[in-house]
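For reference, the structure discussed in these notes is given below.
The values are calculated or read from the model by the stated rules, or taken from the named source; none is laboratory data. Everything numeric in this text was worked out from a predicted model, so none of it was measured. Positions of Cβ are generated from backbone atoms using ideal geometry, with glycine treated the same way; all protein chains shown enter the neighbour counts.
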Amino acid sequence: DTGVSQDPRHKITKRGQNVTFRCDPISEHNRLYWYRQTLGQGPEFLTYFQNEAQLEKSRLLSDRFSAERPKGSFSTLEIQRTEQGDSAMYLCASSLGQGMDTQYFGPGTRLTVL
Amino acid sequence: DQQVKQNSPSLSVQEGRISILNCDYTNSMFDYFLWYKKYPAEGPTFLISISSIKDKNEDGRFTVFLNKSAKHLSLHIVPSQPGDSAVYFCAARRWNTGNQFYFGTGTSLTVIP
């Protein structure tokens, strides 16, 4: 049984560069979520997908952020023109999408923008 | 606007004793509540959940209590073990806004051997 995986685990980039993260959900899960976590805070919702459709986006997701889930399998989160304020842990989670739906998280990608 | 609050940033407990972690929420539209445990450099791991139609749910050493009138949630760990040392987050879902979870800021539990 493989859980949610994320790649890379760590990313250091310079301000203004673009970065892309990948998330592979648990195979039978229809829903996929992206969260951001900064120091001393809990995860904050960014967006979620039901299969390949992006159904909800947070106000936190500025126009520099874009997420995709082609074919309803893995997802990518791209940040364009990174800023120092983007430094955070980016967490991906997946769920079955039924009833009282529990989300299972991946290990996260730690982004540091210099 | 923090809709889920964990007012104790840290808690220390002796091994074998009970750990009680607390969580308060402000939105009466929340219908599903969860506790996650997080070790450093890892993602949150699901621990236990409770629906708003219940007031208690037990799973082994872990019990979650829900007091809807007080908008209060607690997690009891009995007996506490050193391996329980981690940051614990409570989370809540609002039934009418899709499936996003709202998380508290976490409580760091240290179980002293």
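Overview of values
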quantity: Criterion: in contact (Cβ under 8 Å) with a residue 40 or more places away in the chain, within 14 Å of another protein chain (Cβ to nearest Cβ) and of a type outside the set (Phe, Trp, Tyr) - qualifying residue of A:Ile12, A:Ile26; calculated: A:Ile26
quantity: Single condition B:Ile20 does not satisfy, out of (1) surrounded by 22 or more Cβ atoms within 10 Å (Cβ to Cβ); (2) touching a His at 6+ places or on another chain (Cβ under 9 Å); calculated: (1)
quantity: Spans of strands (runs of 3 or more DSSP E) in the range B:1-97 with at least 3 residues touching a residue at least 40 places away in the same chain (Cβ under 8 Å) and within 11 Å of chain A (Cβ to nearest Cβ); calculated: B:30-38, B:86-94
quantity: Filtered residues of the range A:32-58 (kept if among the polar types (S, T, N, Q) and either outside any strand (DSSP E or B) or over 11 Å from the mean Cα position of the chain (by Cα) (or both)); calculated: A:Thr38, A:Gln41, A:Gln50, A:Asn51, A:Gln54, A:Ser58
quantity: Any chance B:Thr107 is surrounded by 14 or more Cβ atoms within 10 Å (Cβ to Cβ), more than 14 Å from every other protein chain (Cβ to nearest Cβ), under 29 Å from A:Arg31 (Cβ atoms) and of a type in the set (S, T, N, Q); calculated: no
quantity: Residue list for the range A:96-111, restricted to those being over 11 Å from the mean Cα position of the chain (by Cα), buried (at least 16 other Cβ atoms within 10 Å of the Cβ) and more than 9 Å from chain B (Cβ to nearest Cβ); calculated: A:Leu111
quantity: Single unsatisfied condition, B:Ser52 versus (1) at pLDDT below 95; (2) in contact with a helix residue (DSSP H, G or I) (Cβ under 8 Å, 6 or more places away or on another chain); calculated: (2)
quantity: Conditions (1) more than 10 Å from the chain's Cα centre (by Cα); (2) within 18 Å of A:Thr20 (Cβ to Cβ): number failed by A:Ala67; calculated: (1)
quantity: Condition check for B:Ser51: over 14 Å from A:Thr102 (Cβ atoms) and hydroxyl-bearing (Ser, Thr, Tyr); calculated: no
quantity: Qualifying residue in the range A:59-76 (condition: in a strand (DSSP E or B) and within 9 Å of chain B (Cβ to nearest Cβ)); calculated: no
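Every residue, every condition in (1) buried (at least 16 other Cβ atoms within 10 Å of the Cβ); (2) of a type in the set (A, V, I, L, M, F, W, C); (3) at negative phi, yes or no:
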position	(1), (2), (3)
A:Tyr48	yes, no, yes
A:Leu55	no, yes, yes
A:Ala67	yes, yes, yes
A:Ser94	yes, no, yes
